[in-house]
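Okay, so here's the structure we're looking at.
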Amino acid sequence: MTETKTDLAIQPANEQKRVLALSELDLDYSSIQNSLKDLTQLASQITGMPVSLINLIDTYHQWSVGTHGFDILEMPREDSVCQYTILEENKDGFEVSDLSVDDRFKDRFYVEDDPNMRYYYGVPLKLKEYLAIGALCVLDTKSNVLSEEKKQMLGQLAKVITNRLTLFKTQKLLEDEISDTKRISRKLAHEIRGPIGGIIGLTEVIQIQPQDSILAEVSEYVDLIQKSGKTILELADHILSEDKTSILAKSNTSEIDLPSLAEKVRSLYLPTAMSKNIDFEVQLDNGNRDVKFSPKRILQILGNLISNAIKFTQIHGQVAVSLRLDLLESNKILTCVVSDNGEGMSQSKIDEILSGKVESSEGTSGEKGFGFGLGLVTHMIKEMKGNLKIKSEVGKGSTFTVEVYPN
C-alpha cells in the first residue's frame, strides 16, 4: 500500500486542515442522507434545476450525503466537479455553463453517459477559517445560466447545511453525555449500596437485643437510622433499575456492533473496489458480535486505509478487512486489519508514517508519495490512544493493524 495526493492544481492550500476539520465532524456518510434530503429538494426548487447534491470531499472520495434527482453515494474525488468548488478562489461559487465542452469534465461518466449532465453551479460548504469541507451544487441536463439572486440564495442555503452538519456532531456529543451521566449514576448507586446495607444490618442487630439493655432514646435513634438507611437503599435500587430499556436506548443511539460496522464498510467501499475488479472482503471474528461500541473515528480510520489500499492495488488484486472486538475487564479493544497485495512500501516510509511526520508530496501530478490520508489516520489513532502497526514489502503489499479503545 502506498499513497498519492490529489492533483496539486486542484488541491486547496489548506488541504490538511480542511480534511482534518471534516474528520472532526465524524459523520457516517451512509446514514445522514435522509436528514438532508429536504435541503437538496429546496435547492432544486429555488433554482429550477432537476438535480441537486450535498457533497463532502475527503482525501480520496466525494460523498453525496444529500441527493435529489441523481441517486449516487460516492465517486472518486478526481472525477468530481466539486473539487474545484472548494478552492479558495471559488469561495463565492463555481459555475460551468456546459460540462461537455470543458476539457476538465467532458469525459466524466456523468457527462458522457446517463444522465448526460451539462450545467453545473456549486457553492462551498465552509467552516471557520474558510475550511471548505464540500459543496452544495445544482446540475441540469442542458446548458443553463443561474441568476445572481438564485446564486445568493444557494449561498445562504449552504450556511444552513453547514450548520446542520455541525449539529449532527453536537447531537452525538449530547447523547454521549447522557450515556455518561447514566453510567455515573449507576456507579454511585452501586457504591452507596454497600455502606448503607452495612448500617441497616448494624441497626437490625441492635434492635433484636433485649429492650432493657439499651436506652429508649438510643432505640428511637436506631429506628430513625434504619428507616433513613432503607430509604437511601430504595433510592439506590431505583437508580439501578430505572427504565433500563430507556437507558440502553439512549446510550446506544450512536453505538454499533461488529456486523453493523462490517455492513457499513461493505456498502461504502465495495463499489469502488468493484470498479477496479478488486476482490474486496470484510471478515469478522466469531466473538463478541453483539457487543455495542462507539464508532467514533472508526469509519474515518478504516475509510482512509481501505481507500488507500484500493487505489494502489492493481486491477484484479485483493484487499481484505478483518474486524475483531475483545473485552478486557471494563475496556473494549477493537482490532482492525486492512491488508492488500498492492505496491507496498519501504521501511523508511513506514517509519515516516508511524512518526506522524508524513507530509504531502510536492512532486509532479500522480507521483506516488505519502500525504494527508495516512497522516490523518496516524493523528486519529494517537488521539484515541490506540496503536498502529504496519508490515509491508515493496512489490508485495501491506498490512495495517489498528487497535483502538472505542469505549
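The values are calculated or read from the model by the stated rules, or taken from the named source; none is laboratory data. Every value quoted in this text rests on a predicted model; they were computed, and no experiment measured them. Neighbour counts run over all protein chains shown; Cβ positions are idealised from the backbone, glycine included.
Please work out which one of (1) at pLDDT below 95; (2) within 17 Å of I381 (Cα to Cα) is the condition C336 fails and give its number. Against the list (1) at pLDDT below 95; (2) within 17 Å of I381 (Cα to Cα), C336 comes up short only on (1). Scanning the range 94-110 for residues that are more than 26 Å from L125 (Cβ to Cβ) and not in a loop (DSSP other than H, G, I, E, B) yields S100, V101. Only residues that are in a loop (DSSP other than H, G, I, E, B) and in contact with a Gly (Cβ under 9 Å, 6 or more places away or on another chain) were counted in the range 268-296, giving 3. If you go through the range 79-107 and pick out every residue that is in contact with an Asp or Glu (Cβ under 7 Å, 6 or more places away or on another chain) and at pLDDT below 95, you end up with 0. Against the numbered list (1) touching a Lys or Arg at 6+ places or on another chain (Cβ under 8 Å); (2) on the phi > 0 side of the Ramachandran plot, G69 comes up short only at (1). In the range 29-50, the residues that are surrounded by fewer than 19 Cβ atoms within 10 Å (Cβ to Cβ) reach residues that are assigned to a helix (DSSP H, G or I) and aromatic (F, W, Y) with C-beta atoms within less than 7 angstrom, at least six apart or across chains, in these pairs: I32/F168. Among the residues of the range 279-324, just one is on the phi > 0 side of the Ramachandran plot and either of a type in the set (V, I, T) or modelled with pLDDT of 90 or more (or both), namely H316. The set of residues in the range 128-150 that are buried (at least 18 other Cβ atoms within 10 Å of the Cβ) and more than 16 Å from P50 (Cα to Cα) comprises L131, A132, I133, G134, A135.
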